[in-house]
């Protein structure tokens with residue numbers, strides 16, 4: 001097996017493990033929103049971690065793991081939107097993590113933008129699905145979730161960077 005095949009195999013393996021981790025963290029940290037229309041969770045912290053480890057490849061496990069969590073939780077109507085929104089979260093985080101030497105403020109800014117896209121994406125989706133009042137109510141919880149996951153994601157960055165370095169992962 002040559003270097004490129006080995007690297008590809010490693011990315012696929014890490015992608016599978018991280019998709020499963022995103023699914024499990026999302027599902028087992030889920031706390032229902034008061035109106036019963038959805039739930040908040042810590043899955044985005046795992047998505048931000050995956051983005052730091054895998055680079056652009058993280059888009060796939062972020063989208064699939066999160067959508068599968070919605071299916072598992074019985075929120076089937078959310079799964080298509082989640083697939084797109086969580087893929088965008090990973091993609092935006094990756095854009096700000098492209099350079100290993102990016103300053104911390106840029107990583108914080110990137111994670112914040114990614115989480116605002118998450119909250120905004122669900123807000124728009126819920127306006128059409130549930131109405132403006134419910135979407136606005138849920139926006140508060142999505143912003144809280146985004147803020148908490150941003151902090152946890154930042155705390156996990158040194159771990160992700162060690163994994164990348166120790167395994168010579170090319171992002």
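Structural remarks
- Residue, surrounded by the most Cβ atoms within 10 Å (Cβ to Cβ), within the range 76-92, restricted to residues that are closer than 19 Å to residue 20 by Cβ and touching a residue at least 24 places away in the same chain (Cβ under 8 Å): 89
- Criterion: surrounded by 16 or more Cβ atoms within 10 Å (Cβ to Cβ) and assigned to a helix (DSSP H, G or I) - qualifying residue of 95, 150, 106, 136: 150
- Applying the criterion of being exposed (fewer than 14 other Cβ atoms within 10 Å of the Cβ) and outside any strand (DSSP E or B) to the residues of the range 13-34, the residue that is farthest from the chain's Cα centre (by Cα) is 34.
- Total residues in the range 35-76, condition under 20 Å from residue 111 (Cα atoms), part of a helix (DSSP H, G or I) and in contact with a strand residue (DSSP E or B) (Cβ under 9 Å, 6 or more places away or on another chain): 0
- Evaluation of residue 87 against the conditions (1) closer than 24 Å to residue 163 by Cα; (2) not in a helix (DSSP H, G or I) shows that the sole unmet condition is (2).
FYI, it's all coordinate maths here, none of it is from the lab. Everything numeric here is computed off the predicted structure, so don't read it as measured data. Positions of Cβ are backbone-derived with ideal geometry, glycine not excepted, and every protein chain shown enters the neighbour counts.
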